[in-house]
Amino acid sequence: MSGEPATSMDRSRLALTVAIGLAAGFLSGLFGIGGGILVVPGLVLILRMSQRLAHGTSLGAIVPISVAGVIGYAIDGNVDWAAGGLLILGAVGGAAIGARLLGHLPDRILRYAFAAFLLATALRLFISTPSPAGRGALDVWLGLALVGLGLAAGILAGLLGVGGGIIIVPVLVVAFGIPSVVAKGTSLLVIIPTALSGTFVNRLRGNIDLTVAAIVGLSGAAAAYGGTKVSASISAELSSILFGALLVVVAIRLLLVRDRSGEAGRSAGGAITGSEAGSGRSPP
């Protein structure tokens, strides 16, 4: 009698984890982001992970999601490889810095910071921008600017468990004049090594559930390629409005979450397999 409910619960949590991955993967391909902007709230609100563990797990999950997404953009020639390489130079180090900061901030601060980040992103999506004319030739100053952008995006990625694309995409479009579809593909390219760098640090510090990260990441990868194809067929204005509205709803929901003890959550049992790494969820 005791074994059957546990099996049922594990299956239910597995289905929810896969659903989070599919939704995040589709949004990743559609908007050129890592998908962490949906993975983190999903892990906190649905799987009841502690905020810190959710951030670290999300960063690991977006690696395969980003790989699948960038393949879709690269096939259509929508990746700026030169700009992407310079962004990566800054982003890899920035992600390690952000992941180290993650271990020193309380859950409440992380949740508020992530909610503020979502609201700021939504505001940016609601503001229309002129069509970019394309970036100029790479020179020293443009190269340094790209490295600096990568550094800022990397710190955000490591700290909040997102890929950094939510900063990279709009800045490439507005400040560097790169077309939106190319900015999305380039962003996903940068996210891969960025997430790997942050995940390495998170693994050393115990801030990741590898089992959940793998399930979310692999299921998300299956949906990411489809998102890249849909991206080219819908209005940019409509997609921005819909995505911005989603961010506002998620941010408000996060702000309404009652504080839960991460330590209590860690002693409550495994997320799916019962492993110690996945025990950051809070008791129901």
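Computed quantities for the displayed model
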{"read-out": "Environment charge at A183 (Cβ cut-off 12 Å; Lys +1, Arg +1, Asp -1, Glu -1)", "value": "+1"}
{"read-out": "Amide H within-cut-off set for M49, under 5 Å, with H built and near neighbours excluded", "value": "V44, S282"}
{"read-out": "Environment charge at G98 (Cβ cut-off 13 Å; Lys +1, Arg +1, Asp -1, Glu -1)", "value": "+3"}
{"read-out": "The stretch 143-178 and the stretch 54-77: distance between their alpha carbon centers, rounded to Å", "value": "15 Å"}
{"read-out": "Calculated Rg and Dmax of the stretch 48-177 using C-alpha coordinates, Å", "value": "15.5, 48"}
{"read-out": "Local electrostatic count, L59, Cβ distance below 15 Å [Lys/Arg +1, Asp/Glu -1]", "value": "+3"}
{"read-out": "Pairwise FRET efficiency - K229 versus A82, Cβ, R0 = 22 Å, nearest 0.05", "value": "0.30"}
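Values in this text are rule-based calculations from the coordinates and carry no lab data. Remember, predicted model here, so these are calculated numbers, not experimental data. Please note: Cβ atoms are built from the backbone with ideal geometry, for glycine as well, and neighbour counts cover all protein chains shown.
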